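A.B. asks: The structure under discussion is supplied below as structure tokens; questions concerning it will follow.
The values are calculated or read from the model by the stated rules, or taken from the named source; none is laboratory data. Note that the structure is a prediction, hence the values are computed from the model and not measured. Please note: Cβ atoms are built from the backbone with ideal geometry, for glycine as well, and neighbour counts cover all protein chains shown.
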2 protein chains.
Amino acid sequence: MMASFADYKEQRTQLIAQDRALRVDHVRAGSFTDVEVKADRVVRAIRAREAETIWSKEHDGVPKAFPGMDFLTGKSVIVKTELYEILRQMPKGALLHVHQNATVDAKFLLHLALQHRAIHIRVPCVVNASSIKTATPEFKPLPVEEYSGGPGITDDLYTPNTWVSIQTARKMFDPTLGGPEGFDKWLIDIFTINPGEAYETYRTADLIWKKFGSTFMITDPIIRFIPILTEYLREFIRSSIRDGISYIEVRTAFVIRYILGEDAKTHLELKELLRIFERLIKETKAELAAQGRDDEFTGLKVIYNMMRSISKEEMIDATEECISLKKEFPDLIAGFDLVGFEDLGTSLLEHAEVLLRFVDRQRDAGVDVPFLFHAGETLGDGTKADMNLYDAILLNTKRIGHGFSLAKHPKLMEICRERQIAIEVCPISNEILRLTGSMPMHPLPILINNGIPVVLCSDDPAPFNSMGLSFDFFQVLMASEVTGLLTLGQMARDSITFSMLSDHEKEMAMAAWEKRWTSFIKIVAGMEAPRNQVGNWK
Amino acid sequence: MMASFADYKEQRTQLIAQDRALRVDHVRAGSFTDVEVKADRVVRAIRAREAETIWSKEHDGVPKAFPGMDFLTGKSVIVKTELYEILRQMPKGALLHVHQNATVDAKFLLHLALQHRAIHIRVPCVVNASSIKTATPEFKPLPVEEYSGGPGITDDLYTPNTWVSIQTARKMFDPTLGGPEGFDKWLIDIFTINPGEAYETYRTADLIWKKFGSTFMITDPIIRFIPILTEYLREFIRSSIRDGISYIEVRTAFVIRYILGEDAKTHLELKELLRIFERLIKETKAELAAQGRDDEFTGLKVIYNMMRSISKEEMIDATEECISLKKEFPDLIAGFDLVGFEDLGTSLLEHAEVLLRFVDRQRDAGVDVPFLFHAGETLGDGTKADMNLYDAILLNTKRIGHGFSLAKHPKLMEICRERQIAIEVCPISNEILRLTGSMPMHPLPILINNGIPVVLCSDDPAPFNSMGLSFDFFQVLMASEVTGLLTLGQMARDSITFSMLSDHEKEMAMAAWEKRWTSFIKIVAGMEAPRNQVGNWK
């Protein structure tokens, strides 16, 4: 045994260092600046203080708060913290995993819908006190000749399943159900997941995915209407920039085969959507340049998505379409992915033959569309969804979406570390979709400690009511005493490193990020920190 | 890229094999007998069938069942399954992590208490419809001259905090509160954790530990009374044997410094407890030998426990007492451990100096009391409780109790694998004490896939209402498609391998276990299995 307690402590320090040697923050520790180290210490001190002053107290509607608690319950507390305020200011780098139709705040989407007379709503029964919890609305933009006013959907005279203009439906919404504000509240509840749904009613992944899927089904016809679509995507880009996100790879589903023209009749092909993206990127850049804010936005690319549960023939068509879009929009199309609930969906193995063919076809066509597969977004162990990780890696995926079950696979972890396959970790998504009870239960520290590159992503901020990346960064910072501001900073750097930007674009994006990071860190380092707090970096 | 789909599938098979190469079941796969392979296949087939016929259905009081669901809610479903029936018959090997005062079914303990007139109860207020949910009872054996009858504790005339015989209190329990049966139900609820408490009222570790701790405080005076203590420990051993457990290492707290004599006055020293254990072991062995059932019980040893949150001086005293007990009961004392809620308790580091001294003192005294430390029973990352893992390992612990946060530590995992430090994993305990939302969220597969030796343990089956090891084995089997009966069998083998039995005792215990396993496996292999089910072992 050891000679003395001093020896013991020396051995302990070494053992801890060995255990943490692969961490992204420890790898870089030697090159942190003094200001970075100071800022990190300030953030640790604030976190420790708020653990006492905020997270140990009772709050309105949140009787049992704790750091990293269930997001939907704790959000009202999070927004009161100084730490959240700091993280809101942090330059986040790239947002690499987000689904297009879940990128804009539900209130904003409703606001857009209400501005367009074309948008109509219908319900399968009169909405009243007893049906309001279960009546699921449908939306549809109608051409002007089909516009239809009352009676309102809460009116006893309303004929179930007939279209009513959203403006009329709102105006005439039963005062006993809250009138127009009650209408808004009803729809926001339907567009988003509330705490009761996530943590009580639908408390398993199977169940909550049904509610989750329904939010997409319901909002899609609104978003797909071109006047709204354009505004929606503009707000997506703008709100991302407001949150400190400077580059985006958005996953866009090419499942429904059109977008709807301004006349609410013409079906435009999906290329039009890509053209809208191109226009918005250009406009946004010009706007920012005019304000001397070039550093704040590098651009946006689109990851082509297809539903995982389609036939072999449909998958072949999708891959062919993807190649042809890549040829036409070489700078816009960033990758290929399959989406939908993994536990119940078709596995990558079942599609592997077509996906291998896709690789050959790309080579023949002289294009390169990297795979950026969702895999392992599951609690299963050895189930199809868990096994998707083997296939994603064998198919040479460049990143893994979620990789929630990766921590179970020592060989795959080794491969991800060696081949530098980054994991797109979506903390709040995983928690709301019931893969983890709260952030402290999340396997993220396992990936970090094993030296796997990690980028934090928001997945579906609209239904999760978690706009931007600040909330995800916050939850990660809350759930670990090892992770600090510099860990988050390194993840932000990695989000650029592991993006699908070209080398040149990456250099530019990284330089811009470093500049903003330096200013940010300086501000944080200058904030008052309680004394007697020892940081992790010195 | 790969030449063909056939190549792809070949590479896939190899990758999966590499990923699973360290698993305890794969290491041994070559030596499984045909009968074992067949039994494993039968169990997989039954699991698959019951996933459909049982776990996808609604049940009384369990509207949303799923495999590996929250134990307290799902127990009524579990006991209906064929799989549970099979596991009940399985020889479990050793039970290596269980706390003495939490080892006997709450109903049985109440039954014992009710047989003794000496046992008295008091409450801080009259128990009635409004106070019954919050009134916490105390128990105390009184000497015959202090026996006290009514009024009952539900009587308006009851003087708060006066002792009433438990027999009287039960007989006179208010009929509107259920009468005597209501009394029993009230106390069982207090002795155990119910689903509402675990999953709603106290939904974090901090909160549920308060209820959990209270069950120990309340029942201790009953169990510490020698006539009951003897019966209690006898039932513990017998019920373990009934569940297929053939050897026990029980953690006994040496915190309260006496056991109470039959006169309810005399304080006997704690050695008397060890003598009771010696007597019971001898009696049990003789009893079983007389029935030709020698194979069913190898024995029991005691792990000396002290509370982690005591002073340095008290810790020195404890270590000295432990050495002296080890000298007097060399075959009975198996190890040393510190207990209590790790998140809030004193860390191993804070005790390290005394513990190093303890090692020196053992050497001087010519005894060996291995450390079998609780460590990492926490959701913390880099917190004191999580950091206990470093100290447990540096202090040369032979096993780790819980090690829930071990999966985060790559270097410590490597050390556990290389030095063969087994982890005492307590699945149901972890779930009820809110470290994991349900079994599918448990990190156990990470340990298994990394080749860390694992033994499954029950921890505190009395308050968890999870008597024996069958429920823990069941939950583990439910939460993975990779794990099968042979994985559980290997864990059972390992429970003997990693016990503190001497080499000779281990050989005997293992031979007895193998004999019983062979019979068990033969029966399972002979059970009808649905066709078209492909097992994992061929």
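A.B. asks: Quick one: A:Gly382 ticks every box in (1) of a type outside the set (Lys, Arg); (2) surrounded by fewer than 23 Cβ atoms within 10 Å (Cβ to Cβ); (3) away from chain B (no Cβ under 12 Å); (4) assigned to a loop (DSSP other than H, G, I, E, B) bar one, so which box is it?
C.D. replies: (3)
A.B. asks: Is there any pair linking a residue in segment A:224-241 that is more than 14 Å from A:Leu95 (Cβ to Cβ) to one that is part of a helix (DSSP H, G or I) and small (Gly, Ala, Ser), with Cβ under 8 Å and at least six apart or on different chains, and which?
C.D. replies: Within 8 Å, the pairs are A:Ile228/A:Ala113.
A.B. asks: Select from segment A:216-264 the residues that are aromatic (Phe, Trp, Tyr) and assigned to a strand (DSSP E or B) and list them in ascending order.
C.D. replies: Hits for segment A:216-264 are A:Phe225, A:Tyr247.
A.B. asks: Can I ask one more? Of all residues in segment B:453-481, count the ones that are closer than 16 Å to B:Leu83 by Cα and either β-branched (Val, Ile, Thr) or more than 16 Å from the chain's Cα centre (by Cα) (or both).
C.D. replies: 6
A.B. asks: Within segment B:1-49, track down each residue that is at pLDDT below 95, over 20 Å from B:Leu485 (Cβ atoms) and of a type in the set (Ser, Thr, Tyr).
C.D. replies: Once the filter is applied, which keeps residues that are at pLDDT below 95, over 20 Å from B:Leu485 (Cβ atoms) and of a type in the set (Ser, Thr, Tyr), segment B:1-49 yields only B:Ser4.
A.B. asks: Further, regarding this structure: For segment A:28-46, indicate whether the set of residues that are of a type in the set (A, V, I, L, M, F, W, C), within 12 Å of another protein chain (Cβ to nearest Cβ) and assigned to a loop (DSSP other than H, G, I, E, B) is non-empty.
C.D. replies: Scanning segment A:28-46, I find no residue that is of a type in the set (A, V, I, L, M, F, W, C), within 12 Å of another protein chain (Cβ to nearest Cβ) and assigned to a loop (DSSP other than H, G, I, E, B), so the answer is no.
A.B. asks: On the basis of being crowded, with 20+ Cβ neighbours inside 10 Å and in contact with a His (Cβ under 7 Å, 6 or more places away or on another chain), does A:Leu260 make the cut?
C.D. replies: The answer is yes for A:Leu260.
A.B. asks: Tell me which helices (runs of 4 or more DSSP H) are completely within segment B:423-484 and hold 2 or more residues being without any contact (Cβ under 8 Å) to a residue 60 or more places away in the chain and within 18 Å of B:Gly403 (Cβ to Cβ), or say none if there are none.
C.D. replies: Where helices (runs of 4 or more DSSP H) fall fully within segment B:423-484 and carry at least 2 residues being without any contact (Cβ under 8 Å) to a residue 60 or more places away in the chain and within 18 Å of B:Gly403 (Cβ to Cβ), they are B:427-432, B:444-449, B:470-478.
A.B. asks: Continuing with this model, one more query. With the condition kept exactly as written, say whether any residue in segment B:84-97 is within 11 Å of chain A (Cβ to nearest Cβ), assigned to a loop (DSSP other than H, G, I, E, B) and buried (at least 21 other Cβ atoms within 10 Å of the Cβ).
C.D. replies: Taking every residue of segment B:84-97 in turn, none turns out to be within 11 Å of chain A (Cβ to nearest Cβ), assigned to a loop (DSSP other than H, G, I, E, B) and buried (at least 21 other Cβ atoms within 10 Å of the Cβ).
A.B. asks: Give the number of residues within segment B:369-390 that are touching a Phe, Trp or Tyr at 6+ places or on another chain (Cβ under 8 Å) and free of Cβ contacts under 8 Å to residues at least 60 places away in the same chain.
C.D. replies: Residues in segment B:369-390 being touching a Phe, Trp or Tyr at 6+ places or on another chain (Cβ under 8 Å) and free of Cβ contacts under 8 Å to residues at least 60 places away in the same chain: 4 in total.
A.B. asks: Let me ask something else about it. With over 23 Å from the mean Cα position of the chain (by Cα), crowded, with 16+ Cβ neighbours inside 10 Å and among the charged types (D, E, K, R) as the only criterion, which of B:Lys312, B:Lys326, B:Lys285 stands out?
C.D. replies: Step by step, each of B:Lys312, B:Lys326, B:Lys285 is checked, and only B:Lys326 is over 23 Å from the mean Cα position of the chain (by Cα), crowded, with 16+ Cβ neighbours inside 10 Å and among the charged types (D, E, K, R).
A.B. asks: Among the numbered criteria (1) in a helix (DSSP H, G or I); (2) facing another protein chain (nearest Cβ under 7 Å), which one does A:Met387 miss?
C.D. replies: (2)
A.B. asks: Let me ask something additional. Taking segment A:337-357 as the search range and keeping residues that are in a loop (DSSP other than H, G, I, E, B) and more than 11 Å from chain B (Cβ to nearest Cβ), which one is farthest from A:Glu320 (Cα to Cα)?
C.D. replies: A:Leu344
A.B. asks: Here's something else I'd like to know. Could you list, in sequence order, all residues of segment B:53-74 that are away from every other protein chain (no Cβ under 14 Å), surrounded by fewer than 21 Cβ atoms within 10 Å (Cβ to Cβ) and under 22 Å from A:Asp381 (Cα atoms)?
C.D. replies: Answer for segment B:53-74, where residues must be away from every other protein chain (no Cβ under 14 Å), surrounded by fewer than 21 Cβ atoms within 10 Å (Cβ to Cβ) and under 22 Å from A:Asp381 (Cα atoms): B:Thr53, B:Ile54.
A.B. asks: Within segment A:466-484, take every residue that is within 14 Å of chain B (Cβ to nearest Cβ) and among the polar types (S, T, N, Q) and give me the one that is nearest to A:Val37 (Cα to Cα).
C.D. replies: A:Thr483
A.B. asks: Scan segment B:291-321 for residues that are part of a loop (DSSP other than H, G, I, E, B) and out of contact with any Asp or Glu (no Cβ under 7 Å at 6 or more places or on another chain) and jot them down.
C.D. replies: Result: B:Gln291, B:Gly292, B:Arg293, B:Phe297, B:Arg308, B:Ser309, B:Ile310, B:Ser311.
A.B. asks: What number of residues in segment A:165-215 are in a helix (DSSP H, G or I), at pLDDT below 95, among the polar types (S, T, N, Q) and surrounded by fewer than 18 Cβ atoms within 10 Å (Cβ to Cβ)?
C.D. replies: Total satisfying the criteria: 2.
A.B. asks: Right, next: Please verify whether A:Asp360 is more than 12 Å from every other protein chain (Cβ to nearest Cβ), farther than 30 Å from B:Arg417 by Cβ and free of Cβ contacts under 8 Å to residues at least 40 places away in the same chain, treating the condition exactly as stated.
C.D. replies: no
A.B. asks: What residue, of A:His59, A:His99, is under 20 Å from A:Phe471 (Cβ atoms) and assigned by TED's automatic domain parsing to the domain that holds A:Gly340?
C.D. replies: A:His99
A.B. asks: Residue check, B:Lys80 against (1) in contact with a helix residue (DSSP H, G or I) (Cβ under 6 Å, 6 or more places away or on another chain); (2) in contact (Cβ under 8 Å) with a residue 24 or more places away in the chain; (3) surrounded by fewer than 20 Cβ atoms within 10 Å (Cβ to Cβ), all met but one. Which one?
C.D. replies: (1)
A.B. asks: While we're on this one: Condition (residue is modelled with pLDDT under 95, assigned to a loop (DSSP other than H, G, I, E, B) and of a type in the set (D, E, K, R)) applied to segment B:133-142: is it met by at least one residue?
C.D. replies: Yes.
A.B. asks: What tally of residues in segment A:491-512 results from selecting those that are of a type outside the set (A, V, I, L, M), surrounded by fewer than 21 Cβ atoms within 10 Å (Cβ to Cβ) and not in a loop (DSSP other than H, G, I, E, B)?
C.D. replies: Count: 8.
A.B. asks: Right, here's the next one. So which residues in segment A:428-444 are within 22 Å of A:Tyr390 (Cα to Cα) and more than 10 Å from chain B (Cβ to nearest Cβ), if there are any at all?
C.D. replies: A:Asn430
A.B. asks: Separate question: Within segment B:235-257, can you find the residues that are buried (at least 21 other Cβ atoms within 10 Å of the Cβ) and either more than 20 Å from the chain's Cα centre (by Cα) or of a type in the set (A, V, I, L, M) (or both)?
C.D. replies: Within segment B:235-257, B:Ile237, B:Ile245, B:Ile248, B:Val250 qualify.
A.B. asks: Just one of the numbered conditions (1) more than 10 Å from chain A (Cβ to nearest Cβ); (2) in contact with an Asp or Glu (Cβ under 7 Å, 6 or more places away or on another chain); (3) surrounded by fewer than 23 Cβ atoms within 10 Å (Cβ to Cβ) is not true of B:Ala365; which one?
C.D. replies: Checking B:Ala365 against (1) more than 10 Å from chain A (Cβ to nearest Cβ); (2) in contact with an Asp or Glu (Cβ under 7 Å, 6 or more places away or on another chain); (3) surrounded by fewer than 23 Cβ atoms within 10 Å (Cβ to Cβ), the one that fails is (2).
A.B. asks: Any residue at all in segment B:396-418 that's crowded, with 24+ Cβ neighbours inside 10 Å, modelled with pLDDT of 95 or more, among the β-branched types (Val, Ile, Thr) and in a helix (DSSP H, G or I)?
C.D. replies: Scanning segment B:396-418 turns up no residue that is crowded, with 24+ Cβ neighbours inside 10 Å, modelled with pLDDT of 95 or more, among the β-branched types (Val, Ile, Thr) and in a helix (DSSP H, G or I).
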